[in-house]
Amino acid sequence: MNMNKELIKQNKELIKQIVAMEWTMFQNVSNQGGRASCQDDPKTFEIMRSSQWVTWPEEALASYLEDLKIAFQDGRNLVTEKYARMMQSTAPLEFAQFQDQLPPLNQEMIRLIDDIVTIHLFWEEELMTIYPYLCQRGRPVYTSEDTPYATSIETYLRGELGTYSQKTLNLYYQHILKEKAEGINGSKRLLENTVKRYGFSSLEEANENVKLSAMKK
């Protein structure tokens, strides 16, 4: 039990550092239409990002934190790069103008990203079946559903994974393979963490709340 408590404490510290560094990068993202309102909402940012990171094992968290530190040293903004990579689908003409400025992905990284996305999309499909009202409030699932105003889960995920180092990708892939083998839906864990941060006791309660709100309209 003490070892578990110490591990949780270590992960919390890693997550705190990761979110702080990501927030700093997020503040320096330039938008064509000017500063976005979400850049002035640190609470929502912290909830969304930490809800994701709390599902990660310590070794993968430490590796990603190292990615962030190296990026800072090199003058790179991984959050900017993430949004830039998303534009390959949402704004391909604009993406073509600066894609050469993004660090290239080798074939192994591309394979890892494809394999990770495949698992995540299976999880998302499962969630859509079980919690349809809640999921409909979020992003569309597939890249084929992207528009200039709506970015899918698939495109967002590919954009983010493209900013990880090969080491981090490997560690995260091994983690979700383990979850899959154990019958755990990693996307469900993330969503559950998120709704609990917003005061719901469970995904079932959150889904029912969204359903009732929709019925009232």
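The values are calculated or read from the model by the stated rules, or taken from the named source; none is laboratory data. Quantities reported herein were computed from a predicted structural model and do not represent experimental measurements. Glycine gets a Cβ as well: all are built from the backbone with ideal geometry, and neighbour counts include every protein chain shown. For accessibility, only protein heavy atoms count, side chains too; no ligands or nucleic acids. Shrake-Rupley method; radii C 1.70, N 1.55, O 1.52, S 1.80 Å.
Overview of results
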{"quantity": "Accessible solvent surface per residue of region 53-131, calculated while the other protein chains remain in place, 1.4 angstrom probe, Å²", "calculated": "53 Å²"}
{"quantity": "Shape call, region 19-140: gyration tensor on alpha carbons, a/c limit 1.5", "calculated": "rounded"}
{"quantity": "Region 94-217 shape via C-alpha gyration tensor axes, a/c threshold 1.5", "calculated": "oblate"}
{"quantity": "FRET efficiency for Ser165 and Leu212, using Cβ-Cβ distance with R0 set to 41 Å, rounded to 0.05", "calculated": "0.40"}
{"quantity": "Relative contact order (percent, whole number), the chain, Cα cutoff 8 Å, 6+ residue spacing", "calculated": "24 percent"}
{"quantity": "Listed residues Asp67, Asp41, Asp115, most fluctuating in the chain (Gaussian network, C-alpha, under 10 Å)", "calculated": "Asp41"}
{"quantity": "At least 15 Å along the helix axis (C-alpha) and Kyte average at least -1.0, DSSP helices within the chain", "calculated": "2-27, 42-53, 58-74, 78-90, 107-130, 166-181, 203-216"}
{"quantity": "Residue-level accessible surface for Phe200, protein heavy atoms, 1.4 Å, Å²", "calculated": "60 Å²"}
{"quantity": "The chain: most fluctuating residue of Asn77, Asn31, Asn170 per GNM, C-alpha cutoff 10 Å", "calculated": "Asn31"}
{"quantity": "Alpha-carbon radius of gyration plus Dmax, which is the widest Cα pair, for the chain in Å", "calculated": "17.6, 54"}
{"quantity": "Label point at Ser30 placed 7 Å out along Cα→Cβ; residues across region 47-89 whose backbone nitrogen lies under 18 Å", "calculated": "75-87"}
{"quantity": "With all protein chains modelled, accessible area of Ile153 [1.4 Å, Å²]", "calculated": "40 Å²"}
{"quantity": "For region 1-142, with +1 on Lys and Arg beta carbons and -1 on Asp and Glu, the positive-most of Thr118, Ala36, Pro92 along the dipole", "calculated": "Ala36"}
{"quantity": "Solvent-accessible area, 1.4 Å probe, carbon plus sulfur percent, for the chain", "calculated": "54 percent"}
{"quantity": "Val54 accessible area, assembled protein chains, probe 1.4 Å, Å²", "calculated": "80 Å²"}
{"quantity": "Qualifying trypsin sites (Lys or Arg not before Pro) for region 87-163 [loop in DSSP, other Cβ within 10 Å: at most 16]", "calculated": "Arg137"}
{"quantity": "Helix-only CD estimate at 222 nm, as mean residue ellipticity for the chain, using -39500 (n - 2.57) per DSSP H run (n ≥ 4)", "calculated": "-23000 deg cm²/dmol"}
